[in-house]
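Since the structure comes first, as structure tokens, the remarks are kept for the end.
The values are calculated or read from the model by the stated rules, or taken from the named source; none is laboratory data. Computed from a prediction, not measured in an experiment: that's the story for all the values here. Please note: Cβ atoms are built from the backbone with ideal geometry, for glycine as well, and neighbour counts cover all protein chains shown. The protein model used for the area step is the full one, side chains on, heavy atoms only, and it has no ligands, DNA or RNA in it. Shrake-Rupley method; radii C 1.70, N 1.55, O 1.52, S 1.80 Å.
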Amino acid sequence: MRFVVLLIVVSTVAVFVLQRFIVRLATKARTTERVLADGKPTTAVVLDTYDTGSRVNTIYVMVRLTLRIEDAEGVPGFETTTVAPISPVKLPDFAIGRTIKVRVDPATKDVAMDQPQR
């Protein structure tokens, strides 16, 4: 009987954690779409890269990028960190010191990469 109760509790917690993860992913996707559509174009210099160890579809590498965003229309430059799925073929485009195209939301400073990652 204790095992059944424990199993139910663990299952319930797992469902809530998974739901939270899915909502977070969906929110990130909507933010990225919004910034790509409405954000101001600028460039960013890659300051640091880190392989998170996660993969998407066993191909794309989830990479944490530290970026220095250059001045955009109404947005002074700043540093930020983001995580993105990048094709192994495109990894050299995101090496330290490289300049990449991004878009920035002036109000929230949300950043979306505006160049092929795959």
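Key figures
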item	result
Test result for Val23, modelled with pLDDT under 80, over 17 Å from the mean Cα position of the chain (by Cα), surrounded by 10 or more Cβ atoms within 10 Å (Cβ to Cβ) and outside any loop (DSSP other than H, G, I, E, B)	no
Residues within region 82-118 that are open to solvent by 80 Å² or more (accessible area, probe 1.4 Å), under 20 Å from Glu33 (Cβ atoms) and not basic (Lys, Arg), tallied	2
Counted residues, region 40-81 - those being at pLDDT 90 or above, of a type outside the set (Asp, Glu) and in a loop (DSSP other than H, G, I, E, B)	2
